[in-house]
Amino acid sequence: MRRGVRHAKKESSPVRYKEQLTAFVRHLRRGCQALLLCAVAQAAQAAGGSLAGDIGASLQEEGLSGAVWSEVRDDGAISTGAAGLANAASKAAMRADTKVQVGSVAKVGLALGVLRLATENRLALDTPLAQILPDLKLKNAWQGSDPVRIRHLLDHTSGLDNVRFWQAFSSKAAAGTPLADAFDGGGGLLRVRDRPGSRYAYSNMGYGILGMVIEKVTGQPYERYLDAQVLAPLGMKDSTFGFVTQTGAKPDARLAMGHFEHGVTHAAMPMYLRPAGQLTTTAQDMARLAQFLLGDGKAQGSAFITPALMRMLSRPNGTEASQAGLDAGHGLALAVRDRHNVVGECHPGTTAGFRAMLCIYPEQKSAFFIGFNTDAEHADYERFNRLLMRDLELPLRPPAAHGAPAPTVENFQGVYVPAPSPMASMAWLDAVFGFVRVKWDGDSLFLIPFQGEPKELEPVGGFLFRASDRSAPSHVLLQTDGRHVLSDGLHSYERVSMLRMLVLWGSLALGVIGLLYVLVVGLWRAAGRNLPRNDHLFAPLLSLLALLLPLPFFYFQSFMRLGDVTFASVLAALVTGALPLAVAVGLARCWRTRGTGAVEKLDAIPLLAALQLLLVLAWWGLLPLRLWQL
């Protein structure tokens, strides 16, 4: 890890001269790097490398089936392209007019529909949600002072959870399933986890609710409204928010087949939260959408969305991070994206078998879209964004200048956990494995995650910092209600006491050791035919081995049914629910036979260690493992 240049703290003239010289060298190095990047890009173009060729080669290297893309130049010209296969099974080639599904990029179009209603004065962004959907029961502890408003749903600051398994992975949803069915999951489903408006927390649920808002205001299905009142005025004639699939009674022959790793195909399926991720489109139509986003809010020469709302598309407003001076974050439709010394406004998307990215660059009046018909976990999708940015010849932005940090930065050192967690049901996992250690060495701030590479942040003034791969300030430290917070505009972390973390880590370590003892010693005794039914480890070992029973049923079951009540998921709930009971039985047998020998005492300690972890998991809602409720 590169260490930052150490700045002397004395005020003598020689030291100041050394600081100035060091700063000059640092800026010179950055300038050389920028020139080198430009030279490499120009050399690649001069060598005859085409964008289509580069993308095609990258698809093969990354193991992806195909892609379509479009670019918008600063003169308004649109170009499109395609590479790879639309269907790995039939070997059909991807064409520039092939349709793809874009997942969460659909949120941009839905947001424009809401802003259109606001422009027509049929809806106000500051209207409390309860006034429009009074039957939707939110659990908001801040309801009196800070109700959830329409703008909070748009910019992901409502405090609502992201998604539950059953909302995303289910075969029960139909193309016309009422949107309200996505929120029929118990009283804790719509719990507001943070004061509305204060923090960004990505929420598919929030956009599902926005679909209901559109239907309430317009009196028609949200798909019909958006197709007629958003897509049509923008000239997106080959796009629809309605459900489209490659199979069934009315397949769309132009829609590419979705894929996963190794070319495994997967047809599109309806989903409960379809307003959050259901849009079928083409690269040409996405370029038209990008042209509108780059404009002043007019469509077909007439005012469509007010300029004031257009200026708020990617500008974070009112969050703790934005009030602390961080410009990075999410606006009403897009998020600021700082990559490769270029700052844009983007929205990614993922759905079953597809991935997509839409980015606009207002300063350069340029944009790109790329859609893949493969959702591969380990592919480097970022390399395609780099290729498109290079082809657009976007100018590189010099990094933000070094600035004096606040004198109290060192007080922010410690361990931070996600707040809120991306998914409420996974809060324990995020706390135990998703924590970040913050360290200040006098020159740089270091973020040291449990998973991933450490990151060095350079101070740019006060409590603002810049990551080495960003050109603008990327992180901010702040205090709110006595809590120390680290934020990058799209993720927030709160500092927790080391004692709490030691308890969590210790609980996990002891529990794992206890379960391993049950497994190893129990199998050793069984191999030696020394494990009778009344043995302390008999029931715990049997229950532990029973955890393997659901695996083959999950293997032969579509992953799109993970959130359904199936034989596999019910069996998983039964065996995970039985485990703590079996361990308790073994511990009770140790208690009943206490004093009869050292074996009982030796068995009791690991059983107690295992039981405490299982009870902790039950307290956090992870046991029994009921996937249809997570």
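The values are calculated or read from the model by the stated rules, or taken from the named source; none is laboratory data. Bear in mind that the values here come from a model prediction, so they are computed numbers and not experimental data. Ideal geometry is used to build each Cβ from the backbone, glycine not excepted, and the neighbour counts take in all protein chains shown.
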> All but one of (1) out of contact with any Asp or Glu (no Cβ under 9 Å at 6 or more places or on another chain); (2) buried (at least 22 other Cβ atoms within 10 Å of the Cβ); (3) of a type in the set (Gly, Ala, Ser) hold for ALA130; which doesn't?
Replying inline: (2)
>> Out of the residues in segment 564-577 meeting the condition of being touching a residue at least 40 places away in the same chain (Cβ under 8 Å) and assigned to a helix (DSSP H, G or I), tell me which one is farthest from PRO540 (Cα to Cα).
In response: SER569
> Hey, any hits in segment 326-339 for a residue that's of a type in the set (D, E, K, R) and more than 19 Å from ALA467 (Cβ to Cβ)?
Replying inline: no
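Which residue out of ASP603, ASP564 is buried (at least 16 other Cβ atoms within 10 Å of the Cβ), among the acidic types (Asp, Glu) and in contact with a Lys or Arg (Cβ under 7 Å, 6 or more places away or on another chain)?
Selected residue: ASP564, the only one of ASP603, ASP564 that is buried (at least 16 other Cβ atoms within 10 Å of the Cβ), among the acidic types (Asp, Glu) and in contact with a Lys or Arg (Cβ under 7 Å, 6 or more places away or on another chain).
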> For residues in segment 479-519 being assigned to a helix (DSSP H, G or I) and among the hydroxyl-bearing types (Ser, Thr, Tyr), which is surrounded by the fewest Cβ atoms within 10 Å (Cβ to Cβ)?
Replying inline: SER507
> Where residues in segment 268-317 are small (Gly, Ala, Ser) and assigned to a loop (DSSP other than H, G, I, E, B), which of them is farthest from SER558 (Cα to Cα)?
Replying inline: GLY301
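Per-residue answers, yes or no, for (1) among the polar types (S, T, N, Q); (2) assigned by TED's automatic domain parsing to the domain that holds ASP338:
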{"position": "ASN373", "(1), (2)": "yes, yes"}
{"position": "PHE412", "(1), (2)": "no, no"}
{"position": "SER421", "(1), (2)": "yes, no"}
{"position": "ALA427", "(1), (2)": "no, no"}
{"position": "ALA431", "(1), (2)": "no, no"}
>> Here is a check on your reading of the model: is GLN278 of a type in the set (S, T, N, Q), surrounded by fewer than 21 Cβ atoms within 10 Å (Cβ to Cβ) and within 26 Å of PRO233 (Cα to Cα)?
In response: no
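Could you pull out the residue among GLU393, GLU410, GLU377 that is surrounded by fewer than 19 Cβ atoms within 10 Å (Cβ to Cβ), of a type in the set (Asp, Glu), more than 30 Å from LEU273 (Cβ to Cβ) and in contact (Cβ under 8 Å) with a residue 40 or more places away in the chain? Break it down stepwise before answering.
On the way: GLU410 fails: in contact (Cβ under 8 Å) with a residue 40 or more places away in the chain; GLU377 fails: more than 30 Å from LEU273 (Cβ to Cβ).
It is GLU393.
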>> Taking the criterion of being under 26 Å from LEU334 (Cα atoms) and touching a Gly at 6+ places or on another chain (Cβ under 9 Å), would at least one residue in segment 246-254 satisfy it?
In response: no
> What is the residue count in segment 222-247 for residues that are free of Cβ contacts under 8 Å to residues at least 12 places away in the same chain and either part of a loop (DSSP other than H, G, I, E, B) or buried (at least 16 other Cβ atoms within 10 Å of the Cβ) (or both)?
Replying inline: 1
> Does segment 248-275 hold any residues that are aromatic (Phe, Trp, Tyr) and surrounded by 24 or more Cβ atoms within 10 Å (Cβ to Cβ), and which are they?
Replying inline: TYR272
>> Looking at ALA141, ALA124, ALA96 in this structure, which one is surrounded by fewer than 19 Cβ atoms within 10 Å (Cβ to Cβ), small (Gly, Ala, Ser) and more than 28 Å from VAL192 (Cα to Cα)?
In response: ALA96
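Taking segment 210-224, which residues are farther than 15 Å from ILE150 by Cα and either out of contact with any Pro (no Cβ under 9 Å at 6 or more places or on another chain) or among the basic types (Lys, Arg) (or both)?
Within segment 210-224, THR218, GLY219, GLN220, PRO221, ARG224 meet the criteria.
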>> For segment 95-179, give me every one of the helices (runs of 4 or more DSSP H) that falls completely inside it and has 2 or more residues that are assigned by TED's automatic domain parsing to the domain that holds ARG254, within 20 Å of the chain's Cα centre (by Cα) and not charged (D, E, K, R).
In response: 106-119, 150-154, 165-168
>> Looking at segment 442-462 only, could you name the residues that are part of a loop (DSSP other than H, G, I, E, B) and either touching a Ser or Thr at 6+ places or on another chain (Cβ under 6 Å) or of a type in the set (Ser, Thr, Tyr) (or both)?
In response: SER444
> Checking GLY522 against (1) crowded, with 19+ Cβ neighbours inside 10 Å; (2) over 30 Å from the mean Cα position of the chain (by Cα); (3) not hydroxyl-bearing (Ser, Thr, Tyr); (4) not in a helix (DSSP H, G or I), which test does it fail?
Replying inline: (4)
>> Restricting to segment 53-93, name every residue that is surrounded by 15 or more Cβ atoms within 10 Å (Cβ to Cβ), small (Gly, Ala, Ser) and within 18 Å of THR282 (Cα to Cα).
In response: SER65, GLY66, ALA67, SER70, SER79, GLY81, ALA82, ALA83, GLY84, ALA86, ALA92
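Step by step: first the residues of segment 525-552, then only those that are under 30 Å from VAL570 (Cα atoms) and among the polar types (S, T, N, Q), then the one that is nearest to the chain's Cα centre (by Cα). Which residue is that?
SER543
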